[in-house]
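Structure first, then comments.
The values are calculated or read from the model by the stated rules, or taken from the named source; none is laboratory data. Just so you know, these numbers come straight off a predicted model, no measurement behind them. Don't worry about glycine lacking a Cβ; one is built from the backbone with ideal geometry, like all the others, and counts go over all protein chains shown.
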Amino acid sequence: MSEPATRKAERASAVSESNEAVLAVRNLKKYFPIKTGVLSRVTGYVRAVDDVSFGIYPGETFALVGESGCGKSTTGQVLLRLLLATAGSVHFRGEDVFAATGERMRRLRKQMQIVFQDPYSALNPRMTVGAAIREILQVHNIARGEEAFEKAQEVLVRCGLDAQHVGRYPHEFSGGQRQRVVIARALALEPSFIVADEPISALDVSIQSQIINLLEDLQDEFGLTYLFISHDLSVVKHIGDRVGVMYLGKLVEIGGKREFYHEPLHPYSQALLSAVPVSDPLIKKKRIILAGDVPSPANPPPGCSFHPRCPYAMNVCMALVPQLKPTESGRYAACHLVHPPDADAVREASNRDAHY
Amino acid sequence: MDTVERMNNHYAGAGRGWPALKYAQLRHWFGNSEWSQVARHLLRNRGAVIGLVIIGTFVMASVFAPYLATHNPLETSLTTRLMSPGSEHWLGSDELGRDLYSRMLYGGRISLNIGIISVLIGVAIGVPIGAISGYYGGKLDIITQRFIDIMIAFPGILLAIVVVAVLGVGVQNVMIATGIASVPVYARLVRGSVLSVKEQSYVKAARAAGISDAAIIFRHVLPNCLAPIIVQSTFQIATAILWAAGLSFLGLGAQAPMPEWGRILSQGRGFMRTAAHLTTFPGMAILLMVLGFNLLGDGLRDALDPKSRGR
């Protein structure tokens, strides 16, 4: 346990040294139109991702957490351009992902890969895993024929499978093995950035730690950068370097793992952390129980979207949307408690409110 | 115990011996590629083997019709009209004294041709339309599907009549007509399957890997839509044969002396009370052929599904 911990520490120090973000996400929005009637008139939008900005630095694991439906998976898919963004930009090593076309897009695709949540639907049931890996090697002109075959065996072995497994179909593997295949496929292109979209939540608990360890080993070996999407805060505590908390399509807090787990800033983060089970039954924890449900992202509440459930909600929270701003310690939070709004903004917001 | 040995024991279990082909033997014959696994599984399926035997028999009978026929199928003889089945005319003779057995051998050729070729036409046009419409979606999909709606609004046989009316009568035009009439069926079916398959993570993964749309459609999407296409095709062959018979009945398909099953059936209709064999045998032939294709289709559907195939 101590050895990975030091590796983590080394990496964390390396992270702080380089200021150039591998991935810079600015004001990203993804709205899904709600269509009704025969004519498919657009009657509203589901704001799955609503004005999200963050940066991911080389070699780190940026963990995106939040409850289901908060838009974390959508964020992951939008920034790989698997879904078209409504607004905003994503830059990968300075290159605009949404503007790239043709050959440049293909080169970007090679750099950025994804590991899906459900290994049962992430593999084409009609292709042997070897054929699936060979196909993408050929598309990117990395290897062909016999060479591609050997390369496929190589990545499978690296991910803890047998070289003979190249000839097998996905249904011949167990869930954990399939996830290893999915990781091997992502790894075959030698990417530098991987979106891990809840890579372990569909797996058996006994298998989860194996996959997490595999992801960590690969990160050390190939210097990978991860966007790790999860709802499991205890896993994030293990693998993450920095944590971003999403609520209803918005990022409400970003911070280093240690500070975040020690003292979360946003009331939502505090509630989330208080819900993490502790293995020692003698430790009495104060649970913060949130009242009510997550509001619909099609019709988010005005002001801070968390205010209907927030135990500390103030009047200003109902009128003014808090912005994600840095604190003195370099952490980010979107909360009026952390960044008290100035009087002018409050007045303006309440005037606007009276106008309605 | 290794896999082959285990599979042998599994398949050689008591009472499951027919057809008594051992896994290892089949593996030896077919190798171990995807299609050989399909073939192996198909030959383990009793229903599929029966279907194959039925279809095989009809195909053989059609191919070797000139050698198997006892009479010239077009030769009339007024002295032997409406004879019951017997040693001279094995399946009896029709109202013009023509030998029913020989006519049915040649008729099988026409019916099989119509069934298979019209389905090929339908698949060749309908599958790409459905795949493109479903994969790209959006306006293209809406426009395409409204055209398909218009085609579906006509009963298939009516659509076929329209096409024959435009192209003229004859067996060839009947094939084209029934093929075109089955296009909307395939376009709709494939679109539906593509819509569900394209949401699978492996399609997203393929896109994330930078694979082109064409390659995704042909290598990832369509192979996973195969099962419904194959099952539909078996029904469609049967439907095409029936449509062709209907068109022939209306005088739009096979012309007078040509021995087509549907035509024989409709001609024999007038003599149902006095010479039932004229309707019974062609009817049974159509029934058997349809049954054969359906059994084969069912077997193929199972064999093509890697999950039910197991190993």
A:Gly249 - would you say it is touching a strand residue (DSSP E or B) at 6+ places or on another chain (Cβ under 6 Å), buried (at least 18 other Cβ atoms within 10 Å of the Cβ), more than 19 Å from A:Cys310 (Cβ to Cβ) and of a type in the set (Gly, Ala, Ser)? no
Since A:Pro297 meets every condition but one in (1) more than 30 Å from A:Arg26 (Cβ to Cβ); (2) in contact (Cβ under 8 Å) with a residue 12 or more places away in the chain, which condition does it not meet? (1)
Go through the range A:130-152 and count every residue that is within 11 Å of chain B (Cβ to nearest Cβ) and surrounded by 20 or more Cβ atoms within 10 Å (Cβ to Cβ). 5
In this structure, does A:Glu172 turn out to be within 14 Å of chain B (Cβ to nearest Cβ), farther than 21 Å from B:Ser212 by Cα and modelled with pLDDT under 90? yes
Which pairs have Cβ atoms under 7 Å, sit 6 or more apart or on different chains, and link a residue in the range A:221-237 that is basic (Lys, Arg) to one that is not in a strand (DSSP E or B)? A:Lys237/A:Lys257; A:Lys237/A:Tyr261
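The rows are residues; the columns are (1) of a type in the set (Phe, Trp, Tyr); (2) in contact with a Phe, Trp or Tyr (Cβ under 7 Å, 6 or more places away or on another chain); (3) buried (at least 22 other Cβ atoms within 10 Å of the Cβ).
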| site | (1), (2), (3) |
| --- | --- |
| B:Ile110 | no, no, yes |
| B:Asn113 | no, no, no |
| B:Ile116 | no, no, no |
| B:Gly126 | no, yes, yes |
| B:Ile132 | no, no, no |
Hey, could you check the range A:270-288 for residues that are within 19 Å of A:Glu253 (Cα to Cα) and in a loop (DSSP other than H, G, I, E, B) and say which is farthest from the chain's Cα centre (by Cα)? A:Ile288
Among residues belonging to the range A:110-119 that are surrounded by fewer than 24 Cβ atoms within 10 Å (Cβ to Cβ) and facing chain B (nearest Cβ under 9 Å), point out the one that is farthest from A:Val97 (Cα to Cα). A:Asp118
What are the residue pairs meeting all of these: first residue in the range A:105-122, first residue free of Cβ contacts under 8 Å to residues at least 60 places away in the same chain, second residue hydrophobic (A, V, I, L, M, F, W, C) and surrounded by fewer than 20 Cβ atoms within 10 Å (Cβ to Cβ), Cβ atoms under 7 Å, and 6 or more apart or on different chains? A:Leu108/A:Ala100
Going through the range A:256-270 in order, the residues found to be surrounded by 15 or more Cβ atoms within 10 Å (Cβ to Cβ) and acidic (Asp, Glu) are A:Glu259
Can you confirm whether the range A:184-191 contains a residue that is at the interface with chain B (Cβ under 9 Å from one of its Cβ atoms), out of contact with any Leu (no Cβ under 8 Å at 6 or more places or on another chain), of a type in the set (A, V, I, L, M) and in a loop (DSSP other than H, G, I, E, B)? no
At least 1 residues that are over 25 Å from B:Gln200 (Cβ atoms) in each: list the helices (runs of 4 or more DSSP H) lying fully within the range A:47-163 that qualify. A:102-111, A:145-158
Would you please list the contacts, defined by Cβ atoms under 7 Å and residues six or more apart or on different chains, that run from a residue in the range A:162-182 that is over 22 Å from A:Glu216 (Cβ atoms) to a residue that is outside any helix (DSSP H, G or I) and of a type in the set (A, V, I, L, M, F, W, C)? A:Pro170/A:Leu123
Considering residues that are surrounded by 13 or more Cβ atoms within 10 Å (Cβ to Cβ) and among the β-branched types (Val, Ile, Thr), the number found within the range A:271-308 is 3
Please determine whether any residue of the range A:200-208 is more than 9 Å from chain B (Cβ to nearest Cβ), among the hydroxyl-bearing types (Ser, Thr, Tyr), assigned to a helix (DSSP H, G or I) and over 24 Å from A:Ile56 (Cβ atoms). yes
Which fully enclosed helices (runs of 4 or more DSSP H) of the range B:212-311 have 3 or more residues being under 19 Å from the mean Cα position of the chain (by Cα)? B:226-249, B:277-304
Filter the range B:162-209 for residues that are at the interface with chain A (Cβ under 10 Å from one of its Cβ atoms) and farther than 14 Å from A:Ala132 by Cβ; which is nearest to the chain's Cα centre (by Cα)? B:Val197
Mind checking which residues of the range A:162-203 are more than 30 Å from A:Met105 (Cβ to Cβ) and either under 21 Å from the mean Cα position of the chain (by Cα) or surrounded by 18 or more Cβ atoms within 10 Å (Cβ to Cβ) (or both)? A:His165, A:Arg168, A:Tyr169, A:Phe173, A:Gly176, A:Gln177, A:Leu203
Counting only helices (runs of 4 or more DSSP H) entirely within the range B:55-171, those with at least 3 residues that are under 30 Å from B:Ser212 (Cα atoms) are B:100-136, B:138-153
Pick from B:Ser133, B:Ser93: which is at pLDDT 90 or above and among the hydroxyl-bearing types (Ser, Thr, Tyr)? B:Ser133
Which of the numbered conditions does A:Leu137 fail, given that it passes all the others? Conditions: (1) touching a residue at least 24 places away in the same chain (Cβ under 8 Å); (2) at positive phi. (2)
Can you pull out the residues in the range B:61-77 that are out of contact with any helix residue (DSSP H, G or I) (no Cβ under 6 Å at 6 or more places or on another chain) and under 11 Å from B:Leu112 (Cβ atoms)? B:Val63
Could you pull out the residue among A:Leu224, A:Leu214 that is away from every other protein chain (no Cβ under 14 Å) and either surrounded by 21 or more Cβ atoms within 10 Å (Cβ to Cβ) or of a type in the set (Asp, Glu) (or both)? A:Leu224
